[in-house]
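Worksheet for the structure shown next.
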Amino acid sequence: MKQIKPFKPKHNIRIVTAASLFDGHDASINIMRRIIQATGVEVIHLGHDRSVEEVVNTAIQEDVNAICITSYQGGHNEYFKYMYDLLKEKGANHIKIFGGGGGVILPDEIKDLMNYGITRIYSPDDGREMGLQGMINDLVEASDFAIGNSLTNEVDLLKKQNHGAIARLISAIENFPDVAKKQLQIIDKENLNTPVLGITGTGGAGKSSLVDELVRRFLIDFPKKTIGIISVDPSKRKTGGALLGDRIRMNSINNSRVYMRSLATRQSNLSLSKHIDEAIQVLKASNFDVIVLETSGIGQSGSEIVEHCDLPIYVMTPEFGAATQLEKIDMLDFANIVAVNKFDKRGALDALRDVKKQYMRNHNLWDTKEDELPVYGTIASQFNDPGMNRLYKAVMGALAEKTQADFKSSFTLTQDLSEKIFIIPPSRTRYLSEISENNRHYDNKVREQASIAQKLYGIYQTICSVLNISNDALLLNQKGLNVDEILKQVGNNKQNQTLLNLLFKEFDRVKMNLSPQNWEHIIQWNSKIKKYKASLYSFKVRDKEINIETHTESLSHLQIPKIALPKYSAWGDLLQWILQENVPGEFPFTSGLYPFKREGEDPARMFAGEGGPERTNRRFHYLSKGMPAKRLSTAFDSVTLYGNDPDERPDIYGKVGNAGVSICCLDDAKKLYSGFNLSDAKTSVSMTINGPAPMLLAFFMNAAIDQQCEIYIKNHHLETEVEAKIAEIYKDKERPKYNGELPEGNDGLGLMLLGVTGNQVLPKDVYENIKQATIAQVRGTVQADILKEDQAQNTCIFSTEFALRLMGDVQEYFIQNNVRNFYSVSISGYHIAEAGANPITQLALTLSNGFTYVEYYLSRGMDINKFGPNLSFFFSNGLDSEYAVIGRVARRIWSKAMKYKYGANERAQKLKYHIQTSGRSLHAQEIDFNDIRTTLQALYAIYDNCNSLHTNAYDEAITTPTEESVRRAMAIQLIINKELGLAKNENPTQGAFIIEELTDLVEEAVLLEFDRLTERGGVLGAMETMYQRSKIQEESLYYETLKHKGTFPIIGVNTFLSSKGSPTIVPTEVIRATKEEKQLQIKTLKNLHKNNQTDDLLNKLKKAAINNENIFEVLMEVSKVCSLGQITKALFEVGGQYRRNM
């Protein structure tokens, strides 16, 4: 393939890059911004989930040439048009807008957006024709124009803190110094005494996070003061490009009282721009109350910042090497304050002591007490860190003292040191390698025991040979050989007796090393065979006896066994099989969790989510029509996924009800699941939601409780009385209702109490009894896997520590309230695979995340036998050979660790998982071929005895699935389960040599990955260095490279193309939320806010978080009247927002 050379720009080009609001798909924009930077551009990267206002404000403050956005989550029409309008409104319509979104943005929409004024939206076909570098060259060339070459009245606007004027003046200083000179002379005459806080330090010390935390506290402490920030990053000497990435870590700067400008050094080996003095002059003339200057990372000798600020702060980490290295750090001579950040690192206290001693020596502070030295341990990445509080207070005090500025801080302090809120106790960081060691020890023990059993079998066969009889069960008993029976058969033959006595002794000697349990396995094998040969097999599930037919009859009248058993006769082979494979339902559960599949319930899930709750409710009833089990799997729109409420603001409005259902309150949940009895044993609900999972779970639980209240009301003929109470509550108010007609199959269950809850209309004791009974009965799963979100999918909304605490609170509530049938988390590999991971990495990272939750819950004092059964898993499928054994390996690793490492009971040893066919394997070319891929993946899953399965629709690569495509996807499962003869057998791959070999290979590969994670401090330690994310991206790039080259064949995509070249298919039907649905959701929300006073409840929720009480317990009450967005906002105040990573 011809290599395209990067375009060489004539001007200094600056471009903002980001992924759109409520969009976590950042892989593409990360690739793009790297190529843009390598093409000589200064890139201000904002990362994922950025609103139009954030992007536009950034573009104006940074005075950029262009904005480059990816949008894969729908709502792109409104998003891009709103961006264009807002730029125009703010006088910045010279800024060009570029975008892309794969096949999500349709050709007609691309044309419409470009006609509206968007510079260019790139399509998948553009990518194929132009290549990545070609697209970037096109983008950069269109953005290659001068900025700052002419000025008008910018100086006059400075005092009004006009961000556009400030930005343009700084651009002129950088790009056209002669043009800026006159304006600067006017500024020089002004009284410029704004205090400047200088922050410098080593690369990777966490300066950006620390600045963000200082800014956050400043804005709270001084509600009327303003702040200006200048942040400097190095330019690349080779290309001239620069990554100006400080904004990505900052959550506080999107505030009208904050101005921030990122500068590139535009020269090598310096930590500051040569124009820094003039830029500071401009900010001083703009009357900011304080200016923060942050340098790029410096070495030991760097101290340039001292000449440009009033108060220099040096930020370092505890990992500086030997104490003597401190003597070489120039900034320790000049810094007024030192922050030892990342204070959670090993040796932090010793580092703090050594830095204080060095500071004391450098500044001759021999009489100052060590506690009074201006050296602070901080963890800037941790919300409300005590060390950061002390640093902030010291900074404000020192600034006031040095500059006489009015910084009388009201910030209250505690004397606590910075201390990491450990999710996993430091003593337990080896847990993954301990699991590897445990499982390998088990495998070694199995081999040893199998070898012993094989020797015993050899001795036994010799005895049978002496007796000249075939294998006879009467010759064996619980203790070993039935010596009396053997001697009885040998009679008076003394020669044989002598030989047999020697064999008896040898048998007993060898058997001493065989576990009694393993001997039991051997002698019980024949009875087990008989159980499976009998016509009925009986077993118990939670004290309920189940009788299952063991065979099915074919059209040829053959009796096909549902479980096929091995024909081994040698005890070693048999014992090896029992200990590593075994029948379904028996440890280590390699072939399945239960003896037989439940009859009348296929593992199919009905997946839906679009528009408002009524539309998705109708789709659920359509999908489940005629199905005995109602397995409802719910997709939420991106507004809900990020914990927000629907809104008329265009960048939110466009996403309401698109690519998922809009749910913002309890009434939405009631409408969504109306007509399905959520307490019925054959109804289960899966909710694909993570960041705001506790809130959606509370909505669901309350909806289920109110359904049972409704049944109680009807059974006790209380309808008239209850309606009167509701009428009184809604006197002069509009009551919520189900919009439109009920679909076929919806009997209205769940709608009687719309707008109220059971506790408002029933006696307290009755309500409490119903509540306790209901939450113990509901079945389903909430995804809530926050570790996977940080590693792969990006729908985190709270700080990681707080998000995990919420998960722990949910599980604790489940234990306390006997919630046994609902999974508190679905530990998900699906999104790890969708982000690009290969099957082994998917499995290893997912299981390691699962064991991390186990360790965390144990550290909170929970009983593994009580929380273990509430954990479930979710995997992606694919066509790679490893996917044929993903369930087998997962079950085997989990059960061995849970039984022998953690001592869990059988119920907790069972790894239950849902599997979904691969979304990545759905291609926008030759989309009919997608069903073939999905069928093969479904076959893998069913043969591997998955607990539930979702088959993707063939058209998902280009649109939200239509009813026709969903029906075809469901048919794939039904045809396999109902028509495919071999699928009637429930362990069809067991015993195949390749399956056994693959199982062993994948199992060991996963354990090796556990060891690699341990080397990085376990899952959480590895996340700090973004190990998992980097690994996933590397594997994604490897796959895409092979696909692009054609060495990894994909039929209809890079080989076996049609005569037309297999172009991207344009969907004939596009399913999107209607304007009416969006307006109804906004109306629902407004009425909810209007009809309820929520301040006291939200304050109670915040108080529970601050006082370390169980948040979910309070959330169950708060969710009855508060909206999702209200709850999210309240929890941000006490738990902190997620901080994006580069």
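The values are calculated or read from the model by the stated rules, or taken from the named source; none is laboratory data. Note that the coordinates shown come from a computational prediction; the quantities given were computed from them, not determined experimentally. Counting neighbours? That spans all protein chains shown, and the Cβs are built from the backbone with ideal geometry, glycine included.
Could you list, in sequence order, the residues of the range 1102-1134 that are in a loop (DSSP other than H, G, I, E, B) and in contact with a Cys (Cβ under 7 Å, 6 or more places away or on another chain)?
S1123
Would you mention how many residues in the range 117-131 are part of a helix (DSSP H, G or I) and among the aliphatic types (A, V, I, L, M)?
1
For the range 1010-1056, which positions are out of contact with any strand residue (DSSP E or B) (no Cβ under 7 Å at 6 or more places or on another chain) and at positive phi?
Result: G1017, G1018, M1026, F1056.
Of the conditions (1) more than 17 Å from P839 (Cβ to Cβ); (2) not in a helix (DSSP H, G or I), Q973 satisfies every one except a single condition; which number is it?
Q973 satisfies all of (1) more than 17 Å from P839 (Cβ to Cβ); (2) not in a helix (DSSP H, G or I) except (2).
Residues are listed down the side, and each one gets a yes or a no for (1) in a helix (DSSP H, G or I); (2) of a type in the set (F, W, Y); (3) within 30 Å of D26 (Cβ to Cβ):
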site	(1), (2), (3)
K731	no, no, no
P736	no, no, no
E741	no, no, no
G748	no, no, no
G755	no, no, no
C796	no, no, yes
E801	yes, no, yes
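Can you spot a residue in the range 619-634 that is at pLDDT below 95, of a type in the set (S, T, N, Q) and surrounded by fewer than 24 Cβ atoms within 10 Å (Cβ to Cβ)?
Taking every residue of the range 619-634 in turn, at least one turns out to be at pLDDT below 95, of a type in the set (S, T, N, Q) and surrounded by fewer than 24 Cβ atoms within 10 Å (Cβ to Cβ).
What number of residues within the range 137-146 are touching a helix residue (DSSP H, G or I) at 6+ places or on another chain (Cβ under 9 Å) and crowded, with 22+ Cβ neighbours inside 10 Å?
2
Filter the range 278-291 for residues that are within 22 Å of A400 (Cα to Cα) and of a type outside the set (A, V, I, L, M) and give the result.
Q281, K284, S286, N287, F288, D289
Go through the range 545-559 and count every residue that is touching a strand residue (DSSP E or B) at 6+ places or on another chain (Cβ under 9 Å) and on the phi > 0 side of the Ramachandran plot.
0
Condition test on I291, is it closer than 23 Å to I13 by Cα, among the β-branched types (V, I, T) and either at pLDDT 90 or above or not in a loop (DSSP other than H, G, I, E, B) (or both)?
So I291 does not fit the description; no.
Please tell me if I578 is outside any loop (DSSP other than H, G, I, E, B), touching a Gly at 6+ places or on another chain (Cβ under 8 Å), within 20 Å of I995 (Cβ to Cβ) and of a type outside the set (K, R).
In short, no.
Condition test on T295, is it hydroxyl-bearing (S, T, Y), surrounded by fewer than 18 Cβ atoms within 10 Å (Cβ to Cβ) and over 26 Å from E801 (Cβ atoms)?
Taking the combined requirement at face value, the residue does not satisfy it.
Which pairs turn up if I take residues in the range 526-553 that are within 29 Å of D472 (Cβ to Cβ) and look for partners that are in a strand (DSSP E or B) and of a type in the set (F, W, Y) with beta carbon separation below 9 Å, at least 6 apart in sequence or on another chain?
Taking only residues 6 or more apart or on different chains, the pairs are K531/Y537; T550/Y537.
If G134 meets every condition in (1) within 31 Å of the chain's Cα centre (by Cα); (2) part of a helix (DSSP H, G or I); (3) surrounded by fewer than 23 Cβ atoms within 10 Å (Cβ to Cβ); (4) among the small types (G, A, S) apart from one, which number is that one?
(1)
List the pairs whose first member sits in the range 444-461 and is over 18 Å from K479 (Cα atoms) and of a type in the set (D, E, K, R), whose second member is modelled with pLDDT of 95 or more and surrounded by 14 or more Cβ atoms within 10 Å (Cβ to Cβ), and whose Cβ atoms are under 9 Å apart, counting only residues at least 6 apart or on separate chains?
K445/S515; K445/L579; R447/Q576
Could you look through the range 1071-1092, keep only residues that are aliphatic (A, V, I, L, M) and assigned to a helix (DSSP H, G or I), and pick out the one that is surrounded by the fewest Cβ atoms within 10 Å (Cβ to Cβ)?
My answer is I1082.
Among the hydroxyl-bearing types (S, T, Y) and farther than 29 Å from P425 by Cα, is that true of T1014?
no
Return the total of residues in the range 747-768 being among the polar types (S, T, N, Q) and within 34 Å of the chain's Cα centre (by Cα).
1
Take the residues of the range 979-1002 that are β-branched (V, I, T) and assigned to a helix (DSSP H, G or I): which is surrounded by the fewest Cβ atoms within 10 Å (Cβ to Cβ)?
Of everything passing the filter in the range 979-1002, I994 is surrounded by the fewest Cβ atoms within 10 Å (Cβ to Cβ).
Would it be correct to say that A92 is surrounded by 23 or more Cβ atoms within 10 Å (Cβ to Cβ), assigned by TED's automatic domain parsing to the domain that holds D26 and of a type in the set (A, V, I, L, M)?
Answer is no for this residue.
I need the full set of residues from the range 194-231 which are in a strand (DSSP E or B) and over 15 Å from I248 (Cβ atoms), in order please.
V196, L197, G198, I199, T200, G201, I227, G228, I230 - these are the residues of the range 194-231 that are in a strand (DSSP E or B) and over 15 Å from I248 (Cβ atoms).
Go through (1) farther than 12 Å from E610 by Cβ; (2) at pLDDT 95 or above; (3) within 19 Å of the chain's Cα centre (by Cα) one by one and return the number of the condition G654 breaks.
Among (1) farther than 12 Å from E610 by Cβ; (2) at pLDDT 95 or above; (3) within 19 Å of the chain's Cα centre (by Cα), G654 violates only (3).
Would you be able to tell me the number of residues in the range 237-264 that are in contact with a Ser or Thr (Cβ under 9 Å, 6 or more places away or on another chain) and either basic (K, R) or farther than 30 Å from Q1137 by Cβ (or both)?
6
Just for the range 1014-1034: of the residues that are more than 18 Å from the chain's Cα centre (by Cα) and assigned to a helix (DSSP H, G or I), which one is surrounded by the fewest Cβ atoms within 10 Å (Cβ to Cβ)?
Top of the filtered list is E1015.
Is it the case that the range 194-202 has a residue that's under 23 Å from S409 (Cα atoms) and at pLDDT below 95?
yes
Among the residues of the range 1-24, how many are of a type in the set (S, T, Y) and at pLDDT below 95?
Result for the range 1-24: 0.
So which of R361, R390 is surrounded by fewer than 19 Cβ atoms within 10 Å (Cβ to Cβ), without any contact (Cβ under 8 Å) to a residue 24 or more places away in the chain, part of a helix (DSSP H, G or I) and not acidic (D, E)?
R361
Condition check: surrounded by 23 or more Cβ atoms within 10 Å (Cβ to Cβ) and touching a helix residue (DSSP H, G or I) at 6+ places or on another chain (Cβ under 7 Å). Does L210 satisfy that?
So L210 fails the test.
Here is a check on your reading of the model: is M114 part of a helix (DSSP H, G or I), free of Cβ contacts under 8 Å to residues at least 12 places away in the same chain and aliphatic (A, V, I, L, M)?
Yes; evaluated as a whole, the condition is true for this residue.
Here are S470, S451, S436: which of them is in contact with an Asp or Glu (Cβ under 6 Å, 6 or more places away or on another chain), outside the structural domain of K896 (by TED's automatic domain parsing) and small (G, A, S)?
S436 is the lone residue from the list that is in contact with an Asp or Glu (Cβ under 6 Å, 6 or more places away or on another chain), outside the structural domain of K896 (by TED's automatic domain parsing) and small (G, A, S).
Can you spot a residue in the range 47-60 that is more than 16 Å from I652 (Cβ to Cβ), of a type in the set (D, E, K, R), crowded, with 24+ Cβ neighbours inside 10 Å and modelled with pLDDT of 95 or more?
Checking the range 47-60: not a single residue is more than 16 Å from I652 (Cβ to Cβ), of a type in the set (D, E, K, R), crowded, with 24+ Cβ neighbours inside 10 Å and modelled with pLDDT of 95 or more.
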